[in-house]
Amino acid sequence: MSHTRTIPIRRPVMGKTFVYQVTIEQDDDRYHAEIPALPGCYSWGHTYEEALKNIHEAAELWMETLTEDGEPIPEEDPRVLRQAPITLSIVL
């Protein structure tokens with residue numbers, strides 16, 4: 001299943017926008033979502049929309065944790081973004 005959608009995540013902290021590829025794959029009774037550029041940022045849902053909503057929340061928490069820990073936030077390769085059917089924008 002291939003959908004194209006951009007979901008903005010807004011957090012007024014630094015004012016920089018990060019955009020990432022999101023992959024969502026259907027399993028038997030659920031959808032698994034991942035942001036490959038953010039190691040360990042996974043989620044799932046019983047529907048495609050729920051998986052998208054949940055990865056949105058997971059990315060928000062993932063980036064909040066990195067910011068709190070003073071760690072650098074990875075940036076997505078622009079070549080990947082040009083070919084990505086689903087992207088997620090996060091404003092920090």
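None of the figures in this text is laboratory data; all of them are computed from the coordinates on show. No experiment lies behind these values; they were computed from the predicted model shown. Heads up, the Cβs are rebuilt from the backbone with ideal geometry, glycines too, and the neighbour counts pull from every protein chain shown.
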(message) Report the rotationally averaged projected area of segment 21-67 based on its alpha-carbon convex hull, in square nanometres.
(response) 2.9
(request) Estimate the FRET efficiency between residue 46 and residue 89 by the formula 1/(1 + (r/R0)^6), using the beta-carbon distance for r and 22 Å for R0, to the nearest 0.05. (result) 0.30
(request) Treat every Asp and Glu Cβ in segment 21-67 as -1 and every Lys and Arg Cβ as +1, leave all other atoms uncharged, and give the resulting dipole magnitude about the Cα centre to the nearest 20 debye. (result) 160
